[in-house]
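Notes for the one structure printed next.
The values are calculated or read from the model by the stated rules, or taken from the named source; none is laboratory data. As the structure is a prediction and not an experimental result, all values here were calculated from the model. FYI the Cβ positions are ideal-geometry reconstructions off the backbone, even for glycines, and counts take in every protein chain you see. Only protein heavy atoms, including side chains, enter the accessible area calculation; ligands, DNA and RNA are left aside. Shrake-Rupley method; radii C 1.70, N 1.55, O 1.52, S 1.80 Å.
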Amino acid sequence: MLMRKSVLYILMTLAAVGFTACENDDTDFSDIINNHSGGGSQGGEEGGEEGGGEEGGGSEGSTSDLLITQSSSLSKAVEINWTSSAAELTVASDIYSSLTFEGSGTQVRISSSSSLTDEVTYTLSGSASKGSFFLNGSTDATVAFNGLTLTCADSAAVNIQNGKRINVVVEGTNTIKDGAKSSGKGALVINGHSQFSGSGTLTLYGMASHAFWADEYIQLKQSFTGSLVVAYAASDGINVNQYYEQNGGMLKISGIMGDGIQVNADEKYTGYVNINGGTIDISAAGAACKGIKAAGYIRIDDDKSAPVITVTNSGAGTYDDTNRKAVGAACLTSDADITIDAGTISLSATGNGGKGLKCDSTFTMNGGTLTISTSGTAYSSNGDSTYPKGLKAGTDSDALAGGIVINGGTVSVTVSGKASGCEGMESDNIITIKGGVTTVNAYDDAINSGSDMTIEGGCVYAHSTNNDGIDTNGNCYIKGGLVYAISGNSPEVAIDANSEEQKKLYVTGGTIVALGGLESGASLSQTCYAASSWNKNTWYALTYGNETFAFQTPSSGGTTMVVSAPSTPSLQSGVSVSGGTEIFDGVAYTGASVSGGSSVTLSSYTGGGGPGGGGGPGGGGPGGR
């Protein structure tokens, strides 16, 4: 191996240079950029202040020089290895003259000249408790973390300011940490398009602000099979402009005081989130914090692989002094649309006022599995309140917009808080259900729309223990599908329309079981029937033609059981159920075989909760499933 070693002593006195330790992160290095260069001019056309970038890289090191070795065996590469007292640099001879080196001991600052057009790979390894790395240039770069542990007390430990595509390669085990007094925006700062690959683990501690801050987008590539871990952040785990995209790898965020992922819009991009693969696990606990928060849309699909997303948020509510309102925490939020095409998504909010999923425009479910639970109750402060919601979409302005559209997939929502306003699925505008399986349990309305609701396909279960199962403030159209709705006690009804504003429930098709009856004045083009009685905790079978829908009644509910089907149905009570497809979290089956039981008398029904029928003390019935 041909190798030429030269020890470069970059003398920077405290008086002349001001490179005075990580305690001061605002040093202007422009006057000393050429303290050492192999002939290259000052580089970094897009670094520093460009795009909100920041100066970085203090000098906590105990020496005032850098040890640099030139190597002809490397090509377009710089290798840096940290020890407790020094950073040792090995620099490829073919780029040596195009780089400027500054620093002292464990503090390393590299700038590239404007004449350098080739991409350079910087490999970072070793360990230093008082070290930093700052890179400034105007070309694409690769930064490889390969067994690095680096802490800097008062700046970003790693700060990349190239403003171009930064390929971040993660190999081995790596830890990046700043200090509680850091003036940086994150422990890891990248001004550029950061794209992650590799199979290692990178763990970040943002002791002063965010763990990872990026002025432009972040992409976890499909080739990223490793883990990006946020172990602590005084603010957001990841705070990024433009967009966040994940195609592979594992993202794990915990110990954060702010949002898990916050994506902000800029002049080029709307601040959207694309999750096309990989795994995300976020635990948030800050007041009114968000697990994932996007200024633009959020889209989840399996373009690369079926993603698995888990967000747990225990954050309490708080009062927003600026907007003068109470606000709650949430797991997944967008100022625009949220669309789920595939994947397994689990959202849990436990704080008062907490929400599972919230978007200000349209939520669309096309496929995958979405499970949401909230367990808090209302949060009230300064005369205002915010309420737990499992899934909330649309805007409540004078001009209604957005809504909820379910075309497929599986949606399961449980809101267990026992207070008025604790609703399962709420749209400030329309709700349209065309397919999939939707299961909603709540104390207040299970499913509520601010405008019209249309059910024309799929399977829908709406169970409220204290209000309407389905409540629409416009017209409600049931044209097809399977609907099992349960209300609280009278005067609540299983399926309600806004008759006070001359709106109606229209039943023209579908299969319906309604414990609590239907809104008075409903238009029933398809014949509906009232059962002579119903018993709690009992398995029933509704049979029509060659179809059988088996369902279990709850421990309490509205007075009247109403059923309807495309052809004249029969109803049996106390049946044994076998086979079929389980739906609604195990309280119903389609295509099942039933045996035993007794026939229930059905009579013509025209609307209203009615006095007919009764809960009775019933039991599980013989052979109940």
Taking region 493-588, the whole-percent share of alpha-carbon pairs separated by over 16 angstrom is 58
What whole number of Å gives the distance from the Cα centroid of region 544-587 to the Cα centroid of region 146-202? 57
Rounded, prolate or oblate: which fits region 168-273, taking a ≥ b ≥ c as square roots of the Cα gyration tensor eigenvalues, rounded meaning a/c under 1.5, else prolate when a/b beats b/c? oblate
Need one number: nm distance between label points at ASN264 and SER556, each 7 Å from Cα along Cα→Cβ, rounded to one decimal. 4.9
Can you give me the accessible area per residue for region 149-215, using a 1.4 Å probe, in Å²? 24
Separation in nanometres of the label points that stand 7 Å from Cα toward Cβ, at SER129 and SER595: 7.3
Ranked from highest to lowest mean number of other Cβ atoms within 10 Å per residue, what is the order of the peptides 242-251, 202-211? 202-211, 242-251
Once Lys and Arg are counted +1 and Asp and Glu -1 for all other residues with Cβ under 13 Å from that of GLY226, the total becomes +1
Where does region 435-559 land on Rg(C-alpha)/(2.2 N^0.38 Å)? 0.97
Apply 1/(1 + (r/R0)^6) to the Cβ-Cβ distance of ARG324 and ALA180, taking R0 = 35 Å, and write down the FRET efficiency to the nearest 0.05. 0.65
Roughly how many nanometres apart are two label points built 7 Å out from the Cα toward the Cβ at SER85 and SER72? 3.3
For the THR225, ASN382 Cβ pair and Förster radius 56 Å, calculated FRET efficiency rounded to 0.05 is 0.70
Set of lysines with alpha-carbon distance to LYS536 below 16 Å, sequence-local pairs under 8 removed: none
Taking all protein chains as present, what is the carbon and sulfur share of the accessible area of region 191-247, in % to the nearest whole number, probe 1.4 Å? 37
I'd like the antiparallel share, as a percent to the nearest 5, of DSSP beta bridges with both residues in region 299-419. 15
Apply the Debye scattering formula to region 222-271, with a single equal point scatterer on each alpha-carbon and no solvent, then give log10 I(q)/I(0) at q = 0.24 Å⁻¹. -0.92
Entries in LYS389/LYS503; LYS130/LYS164; LYS389/LYS418; LYS325/LYS418; LYS76/LYS268; LYS304/LYS358 that, when Cα-Cα distance is taken, lie over 20 Å: LYS389/LYS503; LYS130/LYS164; LYS325/LYS418; LYS76/LYS268; LYS304/LYS358
Relative to the compact-globule scaling 2.2 N^0.38 Å, provide the ratio for the alpha-carbon radius of gyration of region 341-457. 1.00
Mind listing the long-range amide H neighbours of THR83? Cut-off is under 5 Å, sequence gap 5 or more, other chains count too, H placed in the peptide plane at 1.01 Å from N. GLU88, SER127
Sequence neighbours fewer than 8 away in the same chain don't count; with that in mind, list the lysines whose C-alpha is under 16 Å from LYS185. LYS177
222 nm mean residue ellipticity, helices alone, for the chain (DSSP H n ≥ 4; -39,500 (n - 2.57); rounded to 500): 0 deg cm²/dmol
Using a Förster distance of 45 angstrom, determine the FRET efficiency expected from the C-beta separation of THR581 and SER499, and round it to 0.05. 0.80
Answer label for Cα Rg over 2.2 N^0.38 Å (calculated), chosen among (i) 1.21; (ii) 1.15; (iii) 1.28: (i)
DSSP bridge orientation in the chain - percent antiparallel, rounded to nearest 5: 25
